[in-house]
Amino acid sequence: MEAQNHFGELIDRSQREPVEVTRRGRTVAYVVSPHDMQELSDLRKRREEAALWYSAYRRQVEVSPEASALTDQDVDRLVHELR
């Protein structure tokens, strides 16, 4: 209800910073400027492109049977040995 009563102020404030909208004490939305929204969209696109690139890269890399058998503890031990 407060957002409805002060909608103009909410929009003005969103040009400076994201505005959290709550209902009964829970966050239900954010109001952001077009610039912030574009940055978020660009970031999501770059993240998706990076994930696709990495997936393709991993398919091209051949992993030896020895490397496949390493456990997390083995890798941790090897990293610490290199320090």
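Side notes on the structure shown:
- Selected from V31, H6, P65, residue furthest toward positive end of dipole (the chain; charges at beta carbon): H6
- Treating r as the C-beta distance of Y30 and Y57 and R0 as 22 Å, the FRET efficiency rounds to 0.05.
- When restricted to Cα atoms, the chain yields an Rg and a Dmax of 23.2, 65 Å, respectively.
- Mean residue ellipticity, 222 nm, helices only, the chain: the sum of -39500 (n - 2.57) across DSSP H runs of n ≥ 4, divided by residue count and rounded to 500, is -19500 deg cm²/dmol.
- Remark on Y30: its backbone amide H falls under 5 Å from those of V21, a criterion applied only to residues 5 or more positions apart or on other chains, H modelled at 1.01 Å from N.
No value in this document is a laboratory result; all are computed from the given coordinates. Note that this is a predicted model, so its numbers are computed, not measured. Counting neighbours? That spans all protein chains shown, and the Cβs are built from the backbone with ideal geometry, glycine included.
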